[in-house]
Structure formats: structure tokens, C-alpha cells
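The values are calculated or read from the model by the stated rules, or taken from the named source; none is laboratory data. As the structure is a prediction and not an experimental result, all values here were calculated from the model. So basically every Cβ, Gly included, is an ideal-geometry build from the backbone, and we count neighbours across all protein chains shown. Heads up: the accessible areas ignore ligands, DNA and RNA and are worked out on the full protein's heavy atoms, side chains in. Shrake-Rupley method; radii C 1.70, N 1.55, O 1.52, S 1.80 Å.
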Amino acid sequence: MFKNNKKLSIRKEPRNLKTEDLYLFEHELKKKFPNPSIKKYKNVHIINSQMKKYKFFRFQIKNQRMNPIDFKTKVKFLFSDLKNLIFSEKRTEVVNIKKATWVVDTRSYQYFHWFTDAMQRINISKDFHKTYPVLIPLSFIKNSFIKESLKYLDIEPIYIDHNKEYLIEELILAERVSPAGNYNKDVITGVSDDFRRVGVDKSREMSHKKIWVSRQNSDKRM
């Protein structure tokens with residue numbers, strides 16, 4: 001629906017960066033990223049929480065995975081999809097959804113990637129959410145922060161079951177805003193602004209508390 005050229009992102013050096021270590025980070029101080037892009041597709045099937053065209057062939061793989069895949073993997077997926085076409089078993093239930101928005105990938109259930117990667121995609125597509133509700137895999141809500149953050153931003157999603165087949169008549173696809181680990185400064189600031197804006201209203205109803213977050217007992221970020 002809209003697509004723009006790449007934009008140069010200029011990053012400030014960390015305050016504690018030593019001059020002798022600059023060469024390690026210099027190549028990251030200026031990066032070009034494509035501007036946010038949104039597309040609309042008709043008659044998209046969602047099976048096993050994957051977007052597919054013509055029911056069997058996965059598409060827009062780059063927007064369903066955190067990291068890019070090589071040509072060999074794409075060929076592997078194609079043969080797998082052809083196999084499913086030939087030996088497919090008829091599913092008992094197909095749920096029809098008229099309009100929806102896709103904003104997640106295979107890592108979006110993790111805390112870090114939810115609030116950075118997924119939230120960027122939610123931010124750039126927010127003008128559509130009232131008409132095109134956000135699709136969230138049902139398995140994601142075992143992590144309470146996902147359901148709570150959506151509720152906080154007044155977003156009412158459609159939760160999709162991994163074991164059911166869906167047909168989306170009109171699907172808004174919010175493409176990846178930037179490669180994992182890199183963020184569009186304007187968009188990520190917009191995410192922060194959305195939470196702050198809601199927080200100002202809610203703070204009138206809540207007492208002020210200090211929250212300490214530690215990863216000391218975690219083997220990885222979630």
C-alpha cells in the first residue's frame with residue numbers, strides 16, 4: 001500500500017566507547033534501512049500459523065521469520081509444500097476472517113523481539129487495526145506480557161489456533177521494519193511514545209512504583 005526508498009540512520013557513539021575500540025563498531029554507526037512498508041493481499045490461508053497462498057504454498061517467508069533464509073532452504077520449503085499438496089488431508093474446519101493484519105514472526109513470542117520487532121510492525125500498521133484486527137497465534141498468550149501489552153494499547157487481536165485453518169479475505173501485511181537487532185529510529189521512538197501516551201493517562205490511577213528488572217537468573221533474554 002505504500003513503499004519508500006531506504007533511509008540512512010546515523011547513530012551516536014556510546015558514551016563509554018574507548019577510541020581504541022571504535023574500529024569494532026564503526027561500521028554500525030551509519031546504516032541504511034528500507035522505510036516501513038505495508039501491503040494488502042487477498043485470500044490468504046493461514047495453516048500451522050503460517051501464511052500461505054493457494055492453500056499450500058507459503059509466501060512472504062522473510063516476514064514470517066526473524067532471520068533471512070538461503071536458496072537451499074527455500075527449495076526445501078517448496079518441496080515440502082508440494083508434498084503437502086499431493087498428500088494433503090482435508091481439514092475439518094476452515095475459519096473465515098474477512099479482514100486482518102499480520103505483524104509477527106517465529107520469534108515474536110519472546111520478550112525482546114515482541115517489544116522491538118513485533119511492536120515496530122504494530123506501530124506502522126496501527127491505523128488499520130480497528131478494521132483489520134491484529135492476528136496473534138494463540139500459543140503466544142502463555143507469555144502474559146503479550147496479552148497485557150496489547151490490552152494496554154487498546155488493541156483487540158484475533159487469536160488464531162495452530163491446529164485450525166483460516167482464510168483471510170483481505171490481509172494487511174506489515175513488513176519487517178528492519179533486520180533483527182537493528183531498529184528504525186523513528187518507528188521505535190513511536191512505539192515508546194505510544195506506551196508513554198497511554199501511561200500518562202493510567203498514571204493518574206496508579207501509585208508510582210520503582211521496578212527493577214534483572215537477567216541474573218536467566219540463560220537468555222525472552
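Could you sort out which of 7/126; 6/39; 6/164; 99/151; 32/76 sit more than 26 Å apart by Cα distance in this structure? Flagged as over cut-off: 6/164; 32/76.
A protection proxy built from the mean count of other Cβ atoms within 10 Å ranks the segments 35-44, 172-181, most packed first, as 172-181, 35-44. Within the chain, the selection of entire DSSP H helices by a Cα span of 20 Å or greater along the long axis and an average Kyte-Doolittle value of at least 0.0 returns 71-86. Over the chain, DSSP H runs of length four or greater, each weighted -39,500 (n - 2.57), average out per residue to a 222 nm ellipticity of -7500 deg cm²/dmol. Only protein heavy atoms count here; under a 1.4 Å probe, residue 131 has an accessible surface of about 80 Å². Taking the chain as a Gaussian network, Cα atoms linked when under 10 Å apart, which of 192, 149, 88 shows the biggest mean-square fluctuation? Maximum fluctuation in the GNM of the chain, among the listed residues, is at 88.
Bridge orientation summary for the chain: considering DSSP beta bridges with both residues in this region, about 60 percent are antiparallel. Ligands, DNA and RNA left out, the accessible area of the chain computed with a 1.4 Å probe is 53% carbon and sulfur.
Pairs of Cα atoms nearer than 8 Å and 6+ residues apart set the relative contact order; for the range 7-123 it is 16 percent.
Where the alpha-carbon atoms of the range 21-97 are placed on the principal axes, they occupy 59, 29, 15 Å, in descending order. Projected onto its three principal axes, the C-alpha set of the range 73-222 covers 59, 37, 28 Å, listed from the longest axis down. Of the peptides 19-26, 150-157, 64-71, the order by per-residue mean of other Cβ atoms within 10 Å, starting with the highest, comes out as 150-157, 64-71, 19-26. Full extension of the chain segment joining residue 139 with residue 211 gains 23.2 nm, where the gain is 0.36 nm per residue of separation less the Cα-Cα distance.
Normalised per residue, the accessible area of the chain is 68 Å², obtained with a 1.4 Å probe and no contribution from ligands, DNA or RNA.
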